[in-house]
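> I'd like to ask you about the structure that follows.
The values are calculated or read from the model by the stated rules, or taken from the named source; none is laboratory data. Note that the structure is a prediction, hence the values are computed from the model and not measured. Positions of Cβ are generated from backbone atoms using ideal geometry, with glycine treated the same way; all protein chains shown enter the neighbour counts. In case anyone asks, the SASA skips ligands and DNA or RNA and just uses the protein heavy atoms, side chains included. Shrake-Rupley method; radii C 1.70, N 1.55, O 1.52, S 1.80 Å.
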Amino acid sequence: MYDAGKIIVGLIIFLVLITSPVWYNMASGKSEVVPQPKIITAEKECVMGTEYMREKHMDLLNEWRDKAVREGERIHAAPNGRKFNMSLTGTCLNCHSNKTEFCDACHNYSAVGQPYCWDCHNIPEEIK
Amino acid sequence: MGIDRRKFLTIAGLTAASVIGRKALGDSLSVAPESNLLPEENRLIGHRWAMVVDLRKCKEQHNCTKCIDACNAVHNIPQFDNPKDEVKWIWKEHFKEAFPNQEKEYILEGLLETPITVMCNHCDNPPCVRVCPTQATWKREDGIVMMDMHRCIGCRYCVAACPYGSRSFNWRDPRPFIKEINKDYPTRTRGVVEKCNFCAERLARGQMPACVEACEEKALIFGDLEDPDSEVRALLRENFAIRRKPNLGTNPEVYYIV
């Protein structure tokens, strides 16, 4: 191979450049861009704690789905004793009615994209 | 003949095991499973939900579609132009198609020409449940044959299995074809099967099915078959009622008073 040294050095420089945002984030310890979901609700507390919701809201939604549809249990008791109707549109979106600023902010960032929940479940503001 | 040591130990061991087992089982049965769920206070609870359709009253109101309109509005049922795309939960059928095996020479005057209100029969022995590969359709303990759209893969085995044509497939995205969306109930997506669910979501809130509520003539009566004092049982006691295609052995639980 001719000019092997130059090619390999060039490749290394190229790789370092193209992965530089990753190195930068690792060095600085925080991301340059973080999603900023906007919370517009008047409620003070969610159906579960904020940390839990941030990490596990998809598990909770799956659990609600199975409980409500398959087991006919439709009431969720929050840790503080409050009761909520297990309803994506009625309960979740009642508070977080700004889907584009709330759901999509993180979902687009983490490349989870658009979950197909919205193919069937109504988004209040989008209803005519 | 005496009892030898081996036999004595066997009997003693089995007795002890059964006592301990029953105690353990009894304890686990009496203690409610740990759950953060509470039963809804005013929901309607039945042991075997059933519907009675009083065809005499239906006959008087020949072109009445209140029950159908109410169901369509509550469940966001799309109205397609092409009958091949049709989605039906409750609809009208000719007598001959609804009851093909009935001896019908001298039945109540005019009934043969009356459109018969039909819906999912919520059979005791539902063929659709048996064929569903994902258990997206199943029979609840109170007899309602439910659909879980989340789990439906659109294979349409159930459509083929249902002898009443009660299941509809969403060939197209239904949303643009719903005149006014009821936000309390989801729409469906393309590629799933749907059908009447006896308004399970309304029963959970303590309401009667939408069609029953909408029928001003009280031709549709909904109730618990296992409750001897229920309205459906009283009607079935006092009137002659038929069911659709009883010879198939699906044991439908929608009764028609003729």
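> Restricting to the range B:185-208, and then to whatever is within 11 Å of chain A (Cβ to nearest Cβ), in contact with a strand residue (DSSP E or B) (Cβ under 7 Å, 6 or more places away or on another chain) and part of a loop (DSSP other than H, G, I, E, B), can you tell me which residue is farthest from residue B:48 (Cα to Cα)?
Filtering first and then ranking leaves B:188.
> Out of A:40, A:7, report the one residue that is out of contact with any Pro (no Cβ under 7 Å at 6 or more places or on another chain), open to solvent by less than 100 Å² (accessible area, probe 1.4 Å), of a type outside the set (Gly, Ala, Ser) and in a loop (DSSP other than H, G, I, E, B).
Testing whether each residue is out of contact with any Pro (no Cβ under 7 Å at 6 or more places or on another chain), open to solvent by less than 100 Å² (accessible area, probe 1.4 Å), of a type outside the set (Gly, Ala, Ser) and in a loop (DSSP other than H, G, I, E, B) leaves just A:40.
> If the requirement is being within 14 Å of another protein chain (Cβ to nearest Cβ), among the aliphatic types (A, V, I, L, M) and crowded, with 18+ Cβ neighbours inside 10 Å, which of these qualifies: A:93, A:61?
Answer to the check: A:93.
> Take residues that are away from chain A (no Cβ under 14 Å) and tell me which of the strands (runs of 3 or more DSSP E) falling wholly in the range B:109-149 contain 3 or more. Even if it seems obvious, please write down each step before you answer.
Working: elements: B:116-119, B:137-139, B:145-147.
Passing ranges, in order: B:116-119.
> A further question on this structure: From (1) more than 26 Å from residue B:62 (Cα to Cα); (2) open to solvent by 60 Å² or more (accessible area, probe 1.4 Å); (3) away from chain A (no Cβ under 14 Å), pick out the condition that doesn't hold for residue B:230.
Just one mismatch for residue B:230, condition (2).
> Among the residues of the range B:153-181, write down those that are more than 8 Å from chain A (Cβ to nearest Cβ), in a loop (DSSP other than H, G, I, E, B) and open to solvent by less than 40 Å² (accessible area, probe 1.4 Å).
Residues satisfying the conditions are B:154, B:162, B:163, B:164, B:165, B:166, B:167, B:170, B:174, B:178.
> (1) buried (at least 16 other Cβ atoms within 10 Å of the Cβ); (2) modelled with pLDDT of 90 or more; (3) within 14 Å of chain A (Cβ to nearest Cβ): which one isn't true of residue B:85, the others all being true?
Of (1) buried (at least 16 other Cβ atoms within 10 Å of the Cβ); (2) modelled with pLDDT of 90 or more; (3) within 14 Å of chain A (Cβ to nearest Cβ), only one is false for residue B:85: (3).
> So which residues in the range B:93-108 are part of a loop (DSSP other than H, G, I, E, B) and open to solvent by 100 Å² or more (accessible area, probe 1.4 Å), if there are any at all?
Once the filter is applied, which keeps residues that are part of a loop (DSSP other than H, G, I, E, B) and open to solvent by 100 Å² or more (accessible area, probe 1.4 Å), the range B:93-108 yields B:94, B:103, B:105, B:106.
> Which one of the conditions (1) touching a residue at least 40 places away in the same chain (Cβ under 8 Å); (2) open to solvent by less than 90 Å² (accessible area, probe 1.4 Å) does residue A:31 fail to meet, given that it meets all the rest?
Against the list (1) touching a residue at least 40 places away in the same chain (Cβ under 8 Å); (2) open to solvent by less than 90 Å² (accessible area, probe 1.4 Å), residue A:31 comes up short only on (1).
> Please pick out the residue among B:47, B:75 that is crowded, with 19+ Cβ neighbours inside 10 Å, modelled with pLDDT of 85 or more, within 14 Å of another protein chain (Cβ to nearest Cβ) and closer than 30 Å to residue B:200 by Cβ.
B:75
> May I ask you to verify whether residue A:72 is open to solvent by less than 30 Å² (accessible area, probe 1.4 Å), assigned to a loop (DSSP other than H, G, I, E, B) and within 14 Å of chain B (Cβ to nearest Cβ)? Break it down stepwise before answering.
On the way: open to solvent by less than 30 Å² (accessible area, probe 1.4 Å): yes; assigned to a loop (DSSP other than H, G, I, E, B): yes; within 14 Å of chain B (Cβ to nearest Cβ): yes.
So residue A:72 passes the test.
> Would you pick out the residues in the range A:100-128 that are surrounded by 14 or more Cβ atoms within 10 Å (Cβ to Cβ) and away from chain B (no Cβ under 14 Å)?
Within the range A:100-128, A:101, A:102, A:103, A:104, A:105, A:106, A:107, A:109 qualify.
> I would also like to ask the following. I need a count of the residues in the range B:160-175 that are out of contact with any Cys (no Cβ under 8 Å at 6 or more places or on another chain) and either within 25 Å of residue B:139 (Cβ to Cβ) or touching a residue at least 60 places away in the same chain (Cβ under 8 Å) (or both).
10
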